[in-house]
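Rule-based calculations on the coordinates, nothing more; no lab input. All values reported here derive from a predicted model rather than from experimental measurement. Every residue, glycine as well, gets a Cβ built from its backbone with ideal geometry; the counts of neighbours run over all protein chains shown.
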Amino acid sequence: MARVGTGTIFLIAVLTIAVISKVCFSSVAAEAPPVKTIVVEEVKTEQEAGADRITSQQVEEARLVTAERIYGLLVLWAVILLVIVVLRLQIRDDEKLYKEGYYSQDLE
Amino acid sequence: MISVIKAVDERIKLGSIISLARHKLVPIHKHSVWYYLGALLLFLFMIQAITGAMLLFYYKPAAETAYQSIAEIMVVVPYGWLIRSVHHWASNLMIVTVFIHFFSTLLVKAYRRPRELTWLTGMVMLILVLFFGYSGYTLPYDERAFFAFNVGTDMAGTIPVVGTFMLEFLRGGDIVGANTLNRFFAFHVGVLPLSLLAVIAVHLILVQLHGMSVPIAVMKDAEVRKQRIYGKPMFPHFLWHDAVNCLLLLGALVSLAILVPSELGPEIDLLKPAPVGVKPDWFFLWVYQILKWMPTYVLSMEGEVVGITALILAALLIVFAPFFDRKAQRNERSPLFTALGVLSLLVFVICSIIGYLS
């Protein structure tokens, strides 16, 4: 059972690292090359100057709850519940050992 | 896998740490549920550190760029909206958890000897977490943040004796502006994380040193029944329970981040008058509401100054409760301090609700 627990922790660690790498290694720089910085320094008309500014409407669109996001959330909950089931089995196993006196019970 | 664990164990004596944790017992009784809050707080702090570091890659802490960089995080950066929302909700949940931890510790009198220092470090953590929340709230530098800067620093300015110094120190001048944002950024990513990390370390060492406190009522009950209070090992029992709790919290956190993503208010327009009903963030609503109720003058003193002074005195009474609560120190029931705890909880909840609705 301890191996199942170790395996679970290993699985969580791998998933966490995978998610972090996905987020960190894709950057704004990759999508918008450094050339853009040079463009900003060019003389612009008043209208052009605000063209690359993100509007509050774009921010609101980014906040929308889409079906894809709900699907991702359901997958996350499925993984969490699966890991919890494994952890509960581990806890049950430990409870048995505790009742059998495997662990000390006296409070210092 | 097993050989890797063995190799690590050989070098850092992992086995001896586990063996120590196996001997560390957590008392089992009807109030044991409160013991889980510490681990949840630590988990939330870790989430804040990770997501905060991610946001730091893109956030530009200057008055001209801060707002747009947050908008970029929300719109352009892959999963930026999610990372920012998780950071936002984790900070709120951290403040909720730290308040529950504080009130539960106060009500079960866990500050009794020899845990006075544990309590004091906990109180420092509470203050740091609140300031963390407030400084983070202002960093988007939107309209809401601008008025939060004004309201918050104004409140600090009413503190007797040090008020004027605090006001100028926090604002970086007389008025809220670019310097204020710089200072709050420095607090949020430099001063506060380092301070909190140091205090958490001391708090955890003290918790390990003294173990978990058993409530007086449970001890008395065990004495009457002539029963012993048993304990379960921290490792693996509590570790697995903590893992389950943390996973549920993670699920709730991501759900909140996806279903209610953090907002970005309108950009600051200095020519616009302050919007009607500007309020601080929820965790300072109770202070805001109490100050709102204060009359303009109390005995020829400014009402706000009197209100802030009274709140500081009440806070000091709670901070130094371990030294005032003599009965609890003798492991006797102390109804006066229980009443004080219940009263402070009621004031916090009721004033926050009224402040929110008003």
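With the simple model of a label 7 Å out from the Cα in the direction of the Cβ, B:Val260 to B:Ile2 spans 4.9 nm.
Build a GNM of chain B with springs between Cα atoms under 10 Å apart, and of B:Gly277, B:Gly307, B:Gly136 the one that fluctuates most is B:Gly277. For chain B, the membrane-span-like helix rule (DSSP H, alpha carbon extent of at least 18 Å along the helix axis, mean Kyte-Doolittle at least -0.5) picks out B:37-56, B:80-107, B:116-138, B:143-157, B:192-210, B:239-259, B:303-319, B:335-357; this says nothing about an actual membrane. The trypsin sites (Lys or Arg not before Pro) of region B:194-292 meeting both criteria, a DSSP state outside H, G, I, E and B (loop) and at most 16 other C-beta atoms within 10 angstrom of the site's C-beta, are B:Lys226, B:Arg228.
Placing +1 on the Cβ of every Lys and Arg and -1 on the Cβ of every Asp and Glu, with nothing else charged, gives the protein assembly as shown a dipole about its Cα centre of roughly 2420 debye. Computed over chain B, the alpha-carbon pair-distance distribution with 20 angstrom bins reads 25, 54, 20, 1, each value a whole percent. Modelled this way, with points 7 Å down the Cα-to-C-beta line, the labels at A:Glu100 and B:Leu130 are 5.1 nm from one another. Residues B:Phe102, B:Phe149 in ascending order of nearby Cβ atoms (within 10 Å, fewest first): B:Phe102, B:Phe149.
The length gained on full extension between B:Val298 and B:Met166, counted as 0.36 nm times the residue separation minus their Cα-Cα distance, comes to 45.2 nm. When only alpha carbons of region B:1-84 are considered, Rg and Dmax amount to 21.1, 56 Å. Can you compute log10 of I(q)/I(0) for region B:227-280 with the Debye formula, treating each Cα as one identical point scatterer, at q = 0.23 Å⁻¹? Each listed q corresponds, in turn, to -0.95. Treating r as the C-beta distance of B:Lys327 and B:Ala53 and R0 as 41 Å, the FRET efficiency rounds to 0.35.
When chain B is treated as a GNM with alpha-carbon contacts under 10 Å, the residue of B:Ile47, B:Ile312, B:Ile73 showing the greatest mean-square fluctuation is B:Ile312.
Past 18 Å, Cα to Cα: identify those pairs from B:Lys226/B:Lys327; B:Lys220/B:Lys327; B:Lys109/B:Lys232; A:Lys96/B:Lys226, in the order given.
Values: B:Lys226/B:Lys327 22 Å; B:Lys220/B:Lys327 14 Å; B:Lys109/B:Lys232 22 Å; A:Lys96/B:Lys226 26 Å.
Among B:Lys226/B:Lys327; B:Lys220/B:Lys327; B:Lys109/B:Lys232; A:Lys96/B:Lys226, the Cα-Cα distance tops 18 Å for B:Lys226/B:Lys327; B:Lys109/B:Lys232; A:Lys96/B:Lys226.
A simple spin-label model places pseudo-atoms 7 Å from Cα toward Cβ; at A:Ser56 and B:Gln227 they are separated by 6.0 nm. Here is the size of region B:45-162 from its Cα atoms: Rg then Dmax, 17.3, 54 Å. Radius of gyration (Cα atoms) of region B:218-358, expressed as a multiple of 2.2 N^0.38 Å: 1.58. Pairs of C-alpha atoms in the protein assembly as shown farther apart than 38 Å represent 35 percent of all such pairs.
Within the P(r) computed for region B:176-233, what percentage of the Cα pairs occupies the region above 14 Å? It would help to have the intermediate numbers written out before the result.
Values: 1200 of 1653 pairs.
Percent of Cα pairs beyond 14 Å in region B:176-233: 73.
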